[in-house]
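Data first, discussion second: the structure below is written as C-alpha cells.
The values are calculated or read from the model by the stated rules, or taken from the named source; none is laboratory data. Just so we're clear, the structure is a prediction, and the values are computed from it rather than from any experiment. All Cβ positions, even for glycine, are placed from backbone atoms using ideal geometry, and neighbour counts span all protein chains on display.
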Amino acid sequence: MVLEHALLPVVPGREADFEAALAEALPILRSMPGCRRATVSRCVEEPSRYLLLVEWQRIEDHDPGFRGSMAYQRWRELLHPFYDPFPVVQHFEDVGS
C-alpha cells in the first residue's frame, strides 16, 4: 500500500466553492482502479488549507494510472483552479504500524 499526501492550498475566500467542486471530484478519484480510500480534511488553524490522503494499492495506480486517465482531466478541471500555489504531492510507504 502507498499513501499519497498532498497539502491543498486553496485561494482564501474560495473554500466553499472548492468544497462544492470536491463533492463532485472525490467520487471520481474513489472509483479509480487501485484507490482503496481517499479523504480530504480541512485545517483548523489555516482554513484555506486542506489535506488529501489517498491509499493506493501501488504507486502505479496513481501515476500513470489515475494521472494518465480521462478521469484525471475532469479532476483537474474541477479542482486545479482553486490552488495557489500548486500542491506538492508525495507518496509514503508504511515502515511500521
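Just to verify a result, which residue in the range 1-33, among those that are of a type in the set (D, E) and without any contact (Cβ under 8 Å) to a residue 40 or more places away in the chain, is farthest from V44 (Cα to Cα)?
Here the answer is E19.
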| task | State whether one or more residues within the range 6-17 are assigned to a helix (DSSP H, G or I), buried (at least 17 other Cβ atoms within 10 Å of the Cβ), under 12 Å from the mean Cα position of the chain (by Cα) and modelled with pLDDT of 95 or more. | result | no
| remark: Within the range 53-73, residues small (G, A, S) and more than 13 Å from R30 (Cβ to Cβ) come out as G65, G68, S69
| task | Give just the number: which of (1) touching a residue at least 24 places away in the same chain (Cβ under 8 Å); (2) part of a loop (DSSP other than H, G, I, E, B) does E60 not satisfy? | result | (2)
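Mind listing just one residue for me: the one in the range 74-97 that is part of a helix (DSSP H, G or I) and in contact (Cβ under 8 Å) with a residue 24 or more places away in the chain and, of those, surrounded by the fewest Cβ atoms within 10 Å (Cβ to Cβ)? Explain how you work it out, then say what you get.
If we filter the range 74-97 for residues that are part of a helix (DSSP H, G or I), which is where we start, we get 74-82.
If we keep only those that are in contact (Cβ under 8 Å) with a residue 24 or more places away in the chain too, we end up with 74-75, 78-79, 82.
Values: R74: 13, W75: 20, L78: 18, L79: 20, F82: 19.
That would be R74.
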